[in-house]
Every structure is written in C-alpha cells, then in structure tokens.
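Working notes for the structure below.
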C-alpha cells in the first residue's frame with residue numbers, strides 16, 4: 001500500500017525522530033511511504049489563534065499537496081483532527097474549489113494508530129520496548145478524533161512493555177497551542193497536575209500520539225529533573241528487539 | 001433598609017479593565033480558593049458522570065434537547081408572541097425589554113407601584129446580568145437574595161463565581177464567618193456560637209430567610225423555561241426557597257431572557273431530564289415550580305429581556321450559545337475554570353459558556369471581553385458534557401478570529417504564515433535553527449519567557465525530518 005506521510009511542521013522541525021520512526025514502522029508493515037516535499041503545516045496554530053485567513057491559505061495548500069494520495073498518515077492526533085474536523089468548517093465560507101478539495105482529502109487523513117488498526121488491520125506491530133510506560137490520551141486524539149483505546153491496544157501488544165494507568169488521564173495538559181503562552185499561569189498549573197500524575201504512576205516513559213503536548217509536559221518533566229522521558233507512540237512502536 | 005446599596009454585585013463586573021490572564025493569575029495566588037474549587041468541581045463532575053452514564057438514551061436526549069432549542073430559536077418571534085398571548089390570557093402582564101436599562105426601569109416601576117421597599121429574590125442569572133439589585137438599591141428598594149449560595153454572596157459583599165453554585169469559592173469556615181459577621185445587618189442575626197457544620201449553617205440561613213419570606217409582599221424571579229402553548233413559567237431549584245418566593249408574596253415579577261421559551265409541555269420533558277443530571281448530578285430535580293398567569297388576589301408580571309440576544313441569534317456560528325440551559329456542566333469539567341475561578345471571567349456567566357456568551361452579549365470592546373475567547377486550551381471537555389451539544393470550542397475559535405490581536409503577535413503570525421507558505425522557506429529556517437541550536441538559552445526573554453519560566457524548550461535536532469528524508 002502506498003501512503004503519504006504528513007509529518008507535521010512540529011515533528012519536521014523539532015521531532016524528526018518521530019517522522020523517521022513512522023517511516024520505519026510503516027515500511028516494516030509493508031507500506032510504501034512517500035513524503036510529499038511540498039507539505040508544510042495544516043494551519044492549526046493560525047486558525048485556533050484567530051488568524052483564519054493565514055490558516056485557510058495553509059489548509060488550501062495541504063489539500064493540494066495531498067489530494068492525489070489514497071491514504072495520508074499523520075503521527076499527530078491534533079493535526080489529523082484539524083484536517084478532518086476543522087477543514088470542513090473552514091471551507092464552508094470559502095470558494096475556489098476548497099470545499100470540494102476538503103471533501104476529497106479529509107476522509108483520507110488518518111492519525112497513526114487509526115491507520116494501523118482501521119486501515120491495515122494490525123494490532124500487534126511486532127515491537128519490543130521493555131520499559132514502564134504510561135499513556136496520555138491528548139485532547140484532540142481523545143475528544144476530537146475519538147481514538148478510544150487504539151493506542152493502548154497497540155502499546156499493550158509491545159513485548160516487554162509495562163503499561164501503567166495514568167491518573168486523571170483525560171484531563172488536558174494545558175498546552176493548547178498558543179494558550180500556553182497567552183495564559184501561561186493557568187497552562188503551567190494544568191501541566192504541573194499532569195506531571196504530578198505522571199510521577200505518581202511510576203512510569204519511566206510518558207507516551208502520547210502528539211508531540212506538541214509531549215513537548216509541553218516534557219518541558220516541565222525536564223525542568224523539574226524528574227528523569228521521566230517523553231516518547232511519541234510511533235517511536236515505541238518502531239522499536240524491535242533488533243533495535 | 002439596612003442592606004440597601006451594600007452589595008457590589010455583578011454590575012461592577014462590567015468594564016473590568018484587566019484581561020482574563022491577569023485575573024486568573026491573581027486568583028491562582030489564593031491556595032484556599034484553589035482547593036475549594038478543585039474539591040467542588042471534581043465532586044459535581046463525578047456525580048454528573050455517574051447519573052449520565054446510567055441512562056442508555058442520553059445521546060438521544062441530548063440530540064432532542066439540541067433540536068428543540070434550535071427549532072425554537074429559528075421561530076423565536078412566533079413562540080414569543082404565542083407566549084405573550086397565553087400569559088395574558090391567564091391573567092399575567094407581559095412587558096418587553098430591549099436591554100438591561102429598560103428591564104431595570106420596568107421592574108423598578110412595578111415594585112414602586114406596590115408601595116413596597118423590600119423584595120425577595122429567587123436565584124436568577126438574568127437579573128444579575130442586568131444588575132437589577134444595584135438598580136433597585138439606587139431607587140431605595142432592597143433586594144434580598146434567598147438562594148442559600150446567593151445569600152452567602154450577598155452577605156459577603158461578594159460576586160457569584162459559578163452559575164449553579166455561586167459561592168463555590170467559599171468553604172464552610174468562611175461561610176460561618178460571613179453569617180456571624182454580616183447576617184444582622186440584613187435581618188435576623190446568626191445564632192450565638194454558630195458552628196461550621198453544614199446543618200448548623202443551613203439552619204441559620206433558614207431562620208434568617210423565613211422571616212423575610214413571611215414579611216415580603218413582592219418577589220422577583222427568573223425562569224428556567226417558559227411554555228409558549230400554555231404561558232406556563234418553570235423554575236427549577238434545589239432548596240424550596242424559590243418556591244417560598246413564588247407562592248407567598250402578592251406580586252411576582254419574573255425577568256426572563258427571550259431564549260428560555262419552549263413551544264410545548266412535551267418539550268419540557270426532555271429538559272427536566274437533561275438539566276438535573278447535568279447540573280447537580282441528580283436524577284430528578286427537588287423543587288420544580290410551575291405557574292400559569294396569576295391567581296385571585298395575586299399579580300404576575302413577566303419581563304421578556306433581549307439585552308443582546310437577538311444579535312447573538314443573527315450569528316450563524318455563535319447562536320448555538322443561546323441553547324444554553326445554564327446547567328454549568330461545562331464549568332465543572334473545565335480545567336481552566338478550575339484554576340482561574342469564576343471571578344476571572346468578569347461576568348455572571350463564567351467558565352466555558354461565559355467565554356462564548358459574554359463576548360457575544362456585551363461585545364469585545366474591553367480588554368477583558370476581548371481576552372475571554374482565549375480563556376481555553378480548546379480541550380473539548382465542555383462540548384462533551386454539554387446537554388444541548390453547544391460546540392464551545394468552535395465558537396471560541398470563531399470569536400478569536402474577530403478579536404483584536406496584539407501587534408507583536410500579529411507580526412509573528414504573519415511571519416510564520418509566510419514561512420510556512422513555501423517549503424523552501426521552511427527548510428531554510430529549519431537549517432538556520434539547526435546551526436544556532438547551541439546558542440538558544442534555556443530561559444528566553446520577553447513574551448517567550450511565558451513558556452520558559454516553568455518549562456524547558458525542546459532541543460533543536462541535528463537535522464530536520466525533511467533533510468533526513470532527502471539525504472536517505
């Protein structure tokens with residue numbers, strides 16, 4: 001199967017390891033992976049901060065770049081939710097064939113765990129990662145895309161991985177994109193609660209399907225010198241006994 | 001009377017100059033407030049979740065609630081006229097108020113006509129929205145709040161901070177102090193040696209209020225619902241104090257927002273299931289009072305209030321906020337409300353619903369109102385619990401697009417937009433960042449310090465993903 005990787009601008013720039021892990025995982029599962037080089041950003045930051053016009057320009061670009069692919073995989077619940085949920089609304093008031101492009105592209109965009117389970121039909125990806133891991137179901141993955149237990153199913157089948165329940169898992173980490181700098185006090189307090197819960201559950205690794213949220217919680221885990229690492233779901237699933 | 005002009009009340013909210021961020025940051029300095037809020041919101045949140053989960057048809061009920069409200073709003077003119085006719089036929093008097101000033105004027109004249117200078121009040125959001133108590137006080141009329149929590153707020157010279165539990169920011173020790181120090185100025189004093197046991201506090205309030213109920217000739221209420229086909233008013237409350245006000249006085253004046261109308265009795269059935277489970281986490285509401293017009297010897301006035309609502313109705317995205325039944329489920333699940341507290345929102349409508357309702361009702365002219373659409377991480381917990389499926393994140397994003405943006409942010413966003421509009425530009429910027437990666441300090445100056453004060457920055461990797469892809 002030939003899939004296009006939408007790596008996302010955050011992963012491209014700050015977390016290339018997640019992109020590499022996604023490529024290696026998909027190839028291991030028999031997919032032919034393409035990276036359309038013209039891709040940049042889904043426009044979420046602009047739209048959600050109130051810069052709709054800039055956001056729409058980026059969204060138009062996204063639909064043009066990915067229009068010709070059968071399936072698009074994004075290692076980010078938030079960016080996938082942006083395309084699938086917010087693009088149709090953005091397109092409602094726009095002309096120039098944007099609505100048609102969205103109707104065509106949006107349903108083909110999958111978050112990684114959705115693609116693995118719903119499209120490829122795989123729940124055991126043959127990974128090995130002998131560590132204590134807890135999973136934070138980020139808001140847009142949980143309440144936007146409704147990933148449900150897909151990531152947990154995948155993690156549950158990783159050799160050696162001990163999955164620890166995260167108290168208050170469904171509560172937001174306080175990132176919220178520009179919310180984290182526009183309301184930094186509330187954001188940091190939400191983050192601190194998340195960090196406390198991560199420490200309480202005794203995990204060595206905090207995993208999520210979104211690096212932006214992980215970057216936020218990880219930033220405080222690091223500042224507080226907790227020793228807990230952050231890892232994107234793709235990076236854990238890409239690990240095998242050989243690596 | 002002794003209490004006149006004492007309360008700060010909601011009207012003081014208006015024009016609050018500071019932004020939500022500043023209000024929230026200040027509230028977070030109060031550790032006791034934080035504990036009170038956390039305990040209260042998490043308790044109600046849990047109760048709600050349990051009684052919602054037990055209903056197999058919750059999703060259908062919610063959809064029915066949404067559909068009834070949308071239908072009614074679409075034909076609001078028709079149902080309001082039908083309501084007016086039915087109320088009038090049943091012996092009530094209907095008044096139309098375009099804004100807060102007009103409503104306050106109408107109510108004040110109605111009270112004056114009775115010759116009374118004291119009125120008792122049923123817990124009501126809308127009379128706080130228009131600053132009725134303050135207006136009455138300025139005209140020599142004292143309004144006595146009779147809802148337990150509103151009483152605590154009024155005696156404490158305080159503001160409500162939650163829709164359902166206005167004194168959520170107070171714990172029982174604080175309430176004891178307020179009762180002990182302030183009750184005497186408003187009527188019967190608190191008993192000697194009052195403890196902070198909930199039963200003792202409730203008894204003190206009961207004795208204090210009972211005297212007031214029996215002596216008052218005029219009551220003012222809001223309403224949760226109005227039934228157009230019969231002209232029936234519905235008040236949903238937990239204490240029975242509202243029913244005292246609705247039945248004992250000779251004159252009852254109800255001020256109700258025009259969006260509260262429902263077409264038929266059958267529609268009410270849906271909301272009497274949705275509301276108690278969403279708000280108090282109860283299966284059934286304890287005191288549901290309904291009345292139609294006026295009985296012999298009593299007078300009933302209905303003041304129908306617009307105060308910005310038709311403007312909201314004209315907005316295709318924002319109008320869904322008018323579906324709100326004031327259950328406050330969105331407040332109880334909101335991680336931002338939990339930290340910031342209700343006062344930070346500077347309005348009688350705090351929390352997520354306030355963040356979309358307040359800027360629509362009173363515009364975004366002030367710094368505070370302009371900042372309210374940003375008082376959310378867009379986590380979506382509010383939408384999930386809303387019994388009428390108001391997509392609060394969607395409206396927040398829409399309002400953000402209409403907000404005034406700071407100049408520096410505008411420039412940064414424009415620059416980011418330019419950079420991301422072309423992969424070659426993005427690539428060059430990434431390579432520059434990689435080259436400078438060792439020079440980026442752990443703590444950044446200026447606005448970026450908002451992040452680095454409490455969180456490390458992620459490390460810039462040795463190469464971007466796209467460079468790796470091209471190379472491999």
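The values are calculated or read from the model by the stated rules, or taken from the named source; none is laboratory data. All figures in this text were calculated on a predicted structure; none of them were measured in a lab. Neighbour counts are summed over all protein chains in view; Cβ atoms, including those assigned to glycine, are modelled from backbone coordinates with ideal geometry.
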Exercise. Tell me, please, whether a residue that is over 45 Å from the mean Cα position of the chain (by Cα), under 26 Å from residue A:6 (Cβ atoms), part of a helix (DSSP H, G or I) and more than 8 Å from chain A (Cβ to nearest Cβ) can be found in the range B:435-451.
Key: yes
Quiz prompt | Members of the range A:44-54 that are under 20 Å from the mean Cα position of the chain (by Cα) and either touching a residue at least 40 places away in the same chain (Cβ under 8 Å) or surrounded by fewer than 24 Cβ atoms within 10 Å (Cβ to Cβ) (or both) | solution = A:44, A:45, A:47, A:48, A:49
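Among the candidates B:295, B:310, single out the residue that is modelled with pLDDT of 95 or more and either in the same structural domain as residue B:262 (by TED's automatic domain parsing) or part of a helix (DSSP H, G or I) (or both).
Unique residue meeting the criteria: B:310.
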Exercise. Could you please let me know if residue A:209 is in contact (Cβ under 8 Å) with a residue 60 or more places away in the chain, crowded, with 18+ Cβ neighbours inside 10 Å, away from every other protein chain (no Cβ under 13 Å) and under 22 Å from residue A:145 (Cα atoms)?
Key: yes
Quiz item: Which numbered condition trips up residue B:428, out of (1) more than 10 Å from chain A (Cβ to nearest Cβ); (2) in contact with a helix residue (DSSP H, G or I) (Cβ under 8 Å, 6 or more places away or on another chain); (3) at pLDDT 95 or above?
Solution: (2)
Quiz item: Got at least one residue in the range B:101-116 being assigned by TED's automatic domain parsing to the domain that holds residue B:215, surrounded by fewer than 19 Cβ atoms within 10 Å (Cβ to Cβ), modelled with pLDDT of 95 or more and closer than 30 Å to residue B:266 by Cα?
Solution: no
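In the list B:410, B:402, which residue meets the criterion of being facing another protein chain (nearest Cβ under 10 Å), surrounded by fewer than 24 Cβ atoms within 10 Å (Cβ to Cβ) and either within 27 Å of residue B:53 (Cα to Cα) or without any contact (Cβ under 8 Å) to a residue 24 or more places away in the chain (or both)?
Numbers: B:402 fails: either within 27 Å of residue B:53 (Cα to Cα) or without any contact (Cβ under 8 Å) to a residue 24 or more places away in the chain (or both).
Only one candidate passes the filter, namely B:410.
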Self-check item: Enumeration of residues in the range A:11-30 that are more than 9 Å from chain B (Cβ to nearest Cβ) and surrounded by fewer than 21 Cβ atoms within 10 Å (Cβ to Cβ)
Solution: A:24, A:27, A:28, A:29, A:30
Exercise. Looking only at the range A:189-197, decide whether some residue is in contact (Cβ under 8 Å) with a residue 24 or more places away in the chain, touching a strand residue (DSSP E or B) at 6+ places or on another chain (Cβ under 6 Å) and either more than 14 Å from chain B (Cβ to nearest Cβ) or on the phi < 0 side of the Ramachandran plot (or both).
Key: no
Quiz item: How many residues does the range A:158-177 contain that are within 14 Å of chain B (Cβ to nearest Cβ), surrounded by fewer than 22 Cβ atoms within 10 Å (Cβ to Cβ) and either out of contact with any strand residue (DSSP E or B) (no Cβ under 8 Å at 6 or more places or on another chain) or closer than 20 Å to residue A:21 by Cβ (or both)?
Solution: 5
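Which ranges mark the helices (runs of 4 or more DSSP H) fully within the range B:316-393 that have 2 or more residues being within 13 Å of chain A (Cβ to nearest Cβ) and without any contact (Cβ under 8 Å) to a residue 40 or more places away in the chain? Quick ask: steps written out before the conclusion?
On the way: elements: B:329-333, B:335-340, B:351-362, B:367-371, B:381-385.
Of the helices (runs of 4 or more DSSP H) lying wholly inside the range B:316-393, none has at least 2 residues that are within 13 Å of chain A (Cβ to nearest Cβ) and without any contact (Cβ under 8 Å) to a residue 40 or more places away in the chain.
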Quiz item: What helices (runs of 4 or more DSSP H) completely inside the range A:57-157 contain at least 3 residues that are more than 11 Å from every other protein chain (Cβ to nearest Cβ) and either farther than 29 Å from residue A:216 by Cα or over 13 Å from the mean Cα position of the chain (by Cα) (or both)?
Solution: A:87-92, A:98-105, A:150-156
